[in-house]
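A.B. asks: Once you've had a glance at the structure underneath, I'll fire off some questions.
The values are calculated or read from the model by the stated rules, or taken from the named source; none is laboratory data. Computed from a predicted structure; not experimentally measured. When we count neighbours, we look across all protein chains shown, and the Cβ atoms used for this are built from the backbone with ideal geometry, even at glycine. In case anyone asks, the SASA skips ligands and DNA or RNA and just uses the protein heavy atoms, side chains included. Shrake-Rupley method; radii C 1.70, N 1.55, O 1.52, S 1.80 Å.
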Amino acid sequence: AVEESVAATPPALVAEAAPAEAAAAAAPAAAAGRGTTITQKITDEGAIRLATSQQATRNMTPTDRQIFALNSRVQAQNRAPVDFPGFIREGFDITVVGEGYVMDKDGLIYKDFAEGKGPLPSEGQQVVFDYTAYNESGAVIDSSYRKGRAAETRLGIQGLIPGFEMGIRGMRPGGKRRIVVPPALGPPVGPSTFFSAKQCEVFDVELRQIRKCERRQMLMFSDVVCE
């Protein structure tokens, strides 16, 4: 279950933000930051916390300020998108700071920029989507736009990292969402994988299309056709 608690040292992410970004965040923070509690989920990989800028700054320490200042500079150098969330680590615990984000019962964090229309995708259907993937520093690690074609996969075949697929399952065609995948819902790490450390992955996703799929049987062989 998602717990409500006050983090000991949540990040001071917005305190050092650029003036334009701070001004943009001020309005939603005034409404969302009135509470003093920070949403968190405890997992085997550590705690994942979600805080608004006002919630975070109430409890920030000098160390938090220093960590945020470095994180902010690196994100600026990497030209991270506007409203990109901030991250601060305390051992294996991570606090995500941003305005308008939601944490679900599994610890997945997301923010919708456009709702889209139509039904949600279901098990076995094929989803067609464009995406840009970032690390915690705001650096792009993968993008369908750079490849010049949308990505596609069937739900339920483990074609995506768990948290990424969970986030797409809650989208409708035409929807645009930012998905923050915590380590507990992320990819495996190690020398044999692309990921060398447990960290959050951030995906900006636009769901283009949902296709129904059918399995065809031809003698001893079968295939799946999606259209």
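A.B. asks: Counting other C-beta atoms within 10 Å, and keeping those with at most 15, which DSSP coil chymotrypsin sites (Phe, Trp or Tyr not before Pro) do you find in the range 94-195?
C.D. replies: Within the range 94-195, the qualifying chymotrypsin sites (Phe, Trp or Tyr not before Pro) (loop, at most 15 other Cβ atoms within 10 Å) are F194.
A.B. asks: Next question, about the same structure. I need the trypsin sites (Lys or Arg not before Pro) found in the range 35-122, filtered to DSSP loop residues with at most 13 other beta carbons within 10 Å of theirs.
C.D. replies: Numbers: sites: K41, R49, R58, R65, R73, R79, R89, K105, K111, K117; in loops: R79, K105, K117.
When the trypsin sites (Lys or Arg not before Pro) of the range 35-122 are filtered for loop state and at most 13 Cβ neighbours within 10 Å, R79, K105, K117 remain.
A.B. asks: Please state the charge dipole magnitude for the range 49-184, taken about the Cα centre, from unit charges on C-beta atoms (+1 on K and R, -1 on D and E), reported in debye and rounded to the nearest 20. Display every interim value, and only then the final one.
C.D. replies: Working: 18 positive and 15 negative charges, 67 e Å.
Once rounded to the nearest 20, the dipole reads 320 debye.
A.B. asks: Compute the signed sum of charges (Lys and Arg +1, Asp and Glu -1) over the other residues within less than 13 Å, Cβ to Cβ, of S137.
C.D. replies: Values: positive: R73, R79, R89; negative: E136, E201.
Local charge sum for S137: +1.
A.B. asks: Using a Cα-Cα cut-off of under 29 Å, which lysines could be cross-linked to K41, ignoring same-chain neighbours fewer than 8 residues away?
C.D. replies: K105, K111, K176, K198
A.B. asks: Within the range 98-161, list the GluC sites (Glu not before Pro) lying in a DSSP loop whose Cβ has at most 15 other Cβ atoms in a 10 Å radius.
C.D. replies: Values: sites: E99, E115, E123, E136, E152; in loops: E99, E115, E123, E136.
Counting only loop positions with at most 15 other Cβ atoms within 10 Å, the GluC sites (Glu not before Pro) in the range 98-161 are E115, E123.
A.B. asks: Here's something else I'd like to know. What accessible area, in Å² to the nearest ten, does a 1.4 Å probe give for S222?
C.D. replies: 60
A.B. asks: Give the relative contact order (percent, whole number) for the range 135-227; include only Cα pairs under 8 Å separated by 6+ residues. Display every interim value, and only then the final one.
C.D. replies: Details: 104 pairs, mean separation 23.0, N = 93.
Relative contact order of the range 135-227: 25 percent.
A.B. asks: Just reorder I141, I94, I42 by solvent-accessible area, largest first, 1.4 Å probe, all chains present. Before the final figure, lay out each step's value.
C.D. replies: Working: I141 55, I94 5, I42 85 Å².
Reading off the accessible areas and sorting them downward yields I42, I141, I94.
A.B. asks: Can you tally the net charge around V180? Count Lys and Arg as +1, Asp and Glu as -1, for every other residue whose Cβ sits under 10 Å from the Cβ of V180. Write out the running numbers ahead of the final one.
C.D. replies: Details: positive: K111, R178; negative: E136, E201.
Here the charged neighbours net out to 0.
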